[in-house]
Amino acid sequence: MTETATRDTAAPEFDAVVIGAGFSGLALLHHLREIGLTTLVVDGEDGIGGTWWVNRYPGVRTDSEYSYYSFSFSKEVRDEWTWTQRYPSGPEVLDYLNFVADRLDLRKDIRLNTRVDSAVYDEGANLWTVHLADGSSLTTKYLVSGMGALSQAIYPDIPGIDSFQGEKYHTAHWPRSGVDLAGKKVGLIGLGASGIQIVPVIAPEVDEFYVFQRTPNFIVETNNDAVSTEEMLHTRENYDAIFEKAANHPFGVAMEPAQYSALEVSPEQRREIFEAKWNEGGFHFANECFNDLATNHEASELASEFIRSKIREIVKDPEVADLLSPKTYSFNGKRVPTGHGYYNTFNLPHVHLVDTATDPITEITPRGVKVGDTEYELDVIIFATGFDAMTGTLTNIDIVGRGGRTLREKWATEGLRSNLGINANGFPNFFMSLGPQTPYSNLVVPIQLGAQWLQRALVWAEENGVDAFEATPESEEWWALETERTGKATVMYSEGKKAKAWFLGDNVPGKPEAFQVYMGGGQVYQEHCRRVAEEGYASFLAA
Ligand code: N01
């Protein structure tokens, strides 16, 4: 597509360069190649997989079920790949992504060990120059970020963090060779989805385990059954329907949205429904009980109280159960994590829950962690302290648009602005997979649909002689308001503020508060994307 006579002098080497070889990068490469674009994926790591390549901590697995945590677009992959676990482990997802890469012959267009330092838009030539860490550079017409929504790991701002003399690890940078924790005194800081997954898996290995908890979470426990041959066959035959169901669900899960409010049933019926969905496990509880657990504070509080009662049932020490029970915010105020024996772990005698809400961590010393006046001596500290979500990877490198302005500077001065999280004004032909203000969802759904949207958009651009996609300022204002309006109608706002949720940006000191994701529902978001396409992409034609 680049071979037009007018651009010969400055023809870019590639039609498209995609940064990141995870779920996004693979989907994008496949879809852009399909329409004849010469596409290169670059990734700084030495393996494909993105999130699943770097997050190697013990216990890492999907929180979504396999059937809708996979691509639906390739018949070959669907027919030939067999999942073994309902909630596949990290290594199984990594195997899947490698299988996808091989089966779709993607590897030849993926360059690993290739880290991007910056990317600069050349207004005269209408191309992007991508500067690499080894000093070389690439040119491309389209630049696409597949750098990940939750990939820029952060360490806590605790005094003395560098002074610790023992071993320290972040869950998102876990050593590939593994870590021998046997017989060691281990401390864990951070109890979001990552910390919650690691707790039950390493607890049996370690000598003493100190779990430092600042804010407890509402965890939906579940069972990780094996996937039987019959079930896999059934899933295979129904992949299209499963994916469609997930695409039509607000949170991208293949579940029937609940029909009733938690407030319109009797307490007995409510308990029965909560109990049944709790037993089904995981996101079934969050999504299938009632239709207002994410929108009505009273309903969310009823779900909270049910989970608190479950914690009291599972955890034998009433003081520990009480500490594990969130009281300062309600269900959905944080991204709900799935547990695999999390609460039960606190019945082990060598697992100690340390409350750092009332008595905060004051410092990390050469020997361990100090909480108030008590120093906990440790051999290992694990940080599961999360990410600069949605924008972190995009502002960590210089993405330099029109007038030499970086995306970081744009968002710092204008606030978080994009058109549907896909593109931002001032950055022609720069696209984001899972950009900020895209749906709060099982992410495979917006990744796949986003790649398909971009494929159609670029075919349309070529057919209509459109050289640059660039969000109009009006579209950005509209989307910022829409993101705020829909977000504020949920308990993710009212409760998320209390809980310092990453989806509000509140987990990163100094980050301006704004909805980092669109809370209006994945299916509504897709409607907006369809409408924009039907209207001839007018809101992307600023130039
Ligand atoms: O990070 P988090 P995560 N002192 O931000 C604590 C996705 N994900 O990596 O709540 C003490 O949720 C912080 O405490 P508090 C998923 O979308 C998916 O676990 O601020 N503690 C919190 O407990 C998820 O939501 C999967 O009081 C400090 C923790 O660190 C997202 O990634 C698996 C602290 C951070 O929790 C992020 O999850 C894993 C301090 N100074 C992740 N600073 C799957 O689906 C921070 N904390 C498989």
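Since every read-out is calculated from the coordinates, none of them should be taken as a lab result. Remember, predicted model here, so these are calculated numbers, not experimental data. Note: ideal-geometry Cβ built from the backbone for every residue, glycine included; neighbour counts use all protein chains shown.
Within the straight-line cut-off of under 19 Å between alpha carbons, the lysines reachable from residue 410 are 511, sequence neighbours fewer than 8 places apart in one chain being disregarded. Note on residue 34 and residue 226: their simple-model spin labels are 3.5 nm apart, each label 7 Å out from Cα toward Cβ. Relative to the Cα centre, the charge distribution of region 330-478, modelled as +1 at Lys and Arg Cβ and -1 at Asp and Glu Cβ, gives a dipole magnitude of about 240 debye.
Hey, for a label at residue 264 modelled as a point 7 Å past Cα toward Cβ, could you say which residues of region 277-311 have their backbone N under 17 Å away? From region 277-311, the list is 288-300. Shape of region 46-200 from its Cα gyration tensor (a ≥ b ≥ c, root eigenvalues): rounded if a/c is under 1.5, otherwise prolate when a/b > b/c, or oblate? In terms of gyration-tensor shape, oblate.
When the convex hull of the Cα atoms of region 199-292 is projected onto a plane and the area is averaged over all directions, what value comes out in nm²? Taking the Cα atoms of region 199-292, their convex hull projects to 9.4 nm² on average.
Computed from label points 7 Å out along Cα-Cβ, the spacing between residue 350 and residue 233 is 4.6 nm. Taking label points 7 Å from Cα along the Cα-to-Cβ direction, residue 248 and residue 497 give a separation of 3.6 nm. Run through the DSSP bridge list for the chain and note the antiparallel percent, rounded to the nearest 5. If we restrict to bridges inside the chain, about 35 percent are antiparallel. In the chain, inverting the average of 1/r over every pair of distinct C-alpha atoms gives 24.3 Å as the Kirkwood radius.
Among 192-199, 413-420, sorting by the average number of other beta carbon atoms lying within 10 angstrom of each residue, highest first, gives 192-199, 413-420. In terms of other Cβ atoms within 10 Å, 232, 432, 147 run from fewest to most in the order 232, 147, 432. Computed extension gain for residue 414 through residue 256, at 0.36 nm per residue and net of the alpha carbon distance, reaches 53.0 nm. If you sort the three axes of the alpha carbon gyration tensor as a ≥ b ≥ c, you get a/c of 1.5 or more for region 396-536 and a/b no higher than b/c, which makes it oblate. Rounded to the nearest 500, the helix-only mean residue ellipticity at 222 nm of the chain stands at -10000 deg cm²/dmol, with each DSSP H run of n ≥ 4 adding -39,500 (n - 2.57). Among beta bridges from DSSP that stay inside region 1-137, the antiparallel ones total about 55%. Look at where the Cα atoms of region 148-206 and of region 60-96 average out, and the two centres are 26 Å apart. Kirkwood hydrodynamic radius of region 109-233, from the reciprocal of the average inverse Cα-Cα distance over all distinct pairs: 19.4 Å. About its Cα centre, the dipole of the chain is roughly 440 debye, where the only charges are +1 on Lys and Arg Cβ and -1 on Asp and Glu Cβ.
Taking other Cβ atoms within 10 Å as a rough exposure proxy, 443, 263 sort from fewest to most as 263, 443.
Classify region 413-496 as rounded, prolate or oblate, taking a ≥ b ≥ c as the square roots of the eigenvalues of its Cα gyration tensor: rounded when a/c is under 1.5, otherwise prolate if a/b is larger than b/c and oblate if not. Since a/c reaches 1.5 but b/c is at least a/b, the shape of region 413-496 is classed as oblate. Over 23 Å between Cα atoms, which of 168/327; 327/488; 277/334; 327/497 qualify? Pairs exceeding the cut-off: 168/327. Among 497, 316, the order by Cβ neighbours within 10 angstrom, fewest to most, reads 316, 497.
Positive-end ranking of 106, 128, 116 along the dipole of region 95-137, with charges on Cβ about the Cα centre, is headed by 106.
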